[in-house]
Amino acid sequence: MKITVMSFNLRYDKPDLGVHQWEKRIGAIASAIQHYQPDLIGTQEGKAHQLSDLQALLPEYKFIGGDRTGTGEGEHCAVFYNPQRLELQQTKDFYLSDTPEIPGSITWDTRLPRMATWANFTVGNLGFPITVVNTHLDHENPKARELGAALISLCLMEFPSEHHLLLTGDFNANPNTLARMILADNHKMQDALATLSLEQQKTFHEFTGEAWDAIDTIYCDRRFQIEQVIIDRQQWEGVWPSDHFPVIVKLIIGNRE
């Protein structure tokens, strides 16, 4: 059985100019998602109205996850999923700080709170358990990224051994940094993009189409077989969907049937 996973930084709705405005990009985002038909999508930066707008164009999906402030008004690490393929069992948000249970908490000298959302699913009629964690690490403070990565790695270790794990995110760090090395050091997980050269892994392009930093990826349980890895570098409906290229990974669960 196969499963397709996407990580997609949507870019939060700010006063961007021209075709970079949210209203001009949302159709392109939906088109990219419909093309790849992922079962799971870890999104970053989406605010509540953006997530609702996107779901309206993608009625086949549901999404879960709160925002990083705990008020509903901040950016989310929402997970979209296809309920025809995945049955949601449990979900929870936690915050990247010394007090992960407190919404909006900041203890690592960052200007903004950071968070992760996790969800447990069963796949199809098999009852096969999958857990996804989706996050967005701090963009300014390397130490906060390292501490956040360590907290997420600990979280991943706490799930039952039968759960096949996934980690999607904008890590604001390339694979050669300590934060990413902490995640790569988790013996359960593999970086799906690791087979590509660093140049090929670059995803952040700031609406130029020429990426210069490898900060988005998908980590997956080593028990998955990686069938295909894609960084989508094309425009959709004549515009760049976001200032990040989305990452898509096609995985095989168990045998190839």
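The values are calculated or read from the model by the stated rules, or taken from the named source; none is laboratory data. Given the structure is predicted, the values throughout are model-derived calculations rather than measurements. Glycine gets a Cβ as well: all are built from the backbone with ideal geometry, and neighbour counts include every protein chain shown.
Which residue is surrounded by the fewest Cβ atoms within 10 Å (Cβ to Cβ), if the candidates are limited to the stretch 172-204 and must be touching a strand residue (DSSP E or B) at 6+ places or on another chain (Cβ under 7 Å) and under 16 Å from SER242 (Cα atoms)? Among those residues, the one meeting the criterion is PHE204. Contact map, the stretch 234-253: first residue farther than 15 Å from GLU206 by Cβ, second residue part of a loop (DSSP other than H, G, I, E, B) and of a type in the set (A, V, I, L, M), Cβ cut-off under 6 Å, separation 6 or more or different chains; pairs are VAL249/ALA192; ILE253/MET1. Pick from GLN190, GLN201: which is assigned to a strand (DSSP E or B) and either farther than 24 Å from GLY72 by Cβ or at pLDDT 95 or above (or both)? Every option except GLN190 fails the conditions.
Scanning the stretch 1-16 for residues that are aliphatic (A, V, I, L, M) and under 13 Å from the mean Cα position of the chain (by Cα) yields a total of 3.
What is the residue count in the stretch 205-231 for residues that are of a type in the set (Ser, Thr, Tyr) and either surrounded by 13 or more Cβ atoms within 10 Å (Cβ to Cβ) or not in a loop (DSSP other than H, G, I, E, B) (or both)?
Keep residues of the stretch 205-231 that are of a type in the set (Ser, Thr, Tyr), which gives 208, 217, 219.
This time we only want the ones that are either surrounded by 13 or more Cβ atoms within 10 Å (Cβ to Cβ) or not in a loop (DSSP other than H, G, I, E, B) (or both), so: 217, 219.
Residues flagged as of a type in the set (Ser, Thr, Tyr) and either surrounded by 13 or more Cβ atoms within 10 Å (Cβ to Cβ) or not in a loop (DSSP other than H, G, I, E, B) (or both) within the stretch 205-231 amount to 2.
Here GLU140 passes the criteria (1) assigned to a loop (DSSP other than H, G, I, E, B); (2) touching a residue at least 40 places away in the same chain (Cβ under 8 Å); (3) within 24 Å of ARG11 (Cα to Cα) except the one numbered (2). In the stretch 1-20, the qualifying residues are those that are part of a helix (DSSP H, G or I) and in contact (Cβ under 8 Å) with a residue 40 or more places away in the chain, and the one that is nearest to HIS164 (Cα to Cα) is HIS20.
Yes or no: GLU23 in contact with an Asp or Glu (Cβ under 9 Å, 6 or more places away or on another chain), among the acidic types (Asp, Glu) and in a loop (DSSP other than H, G, I, E, B)? No.
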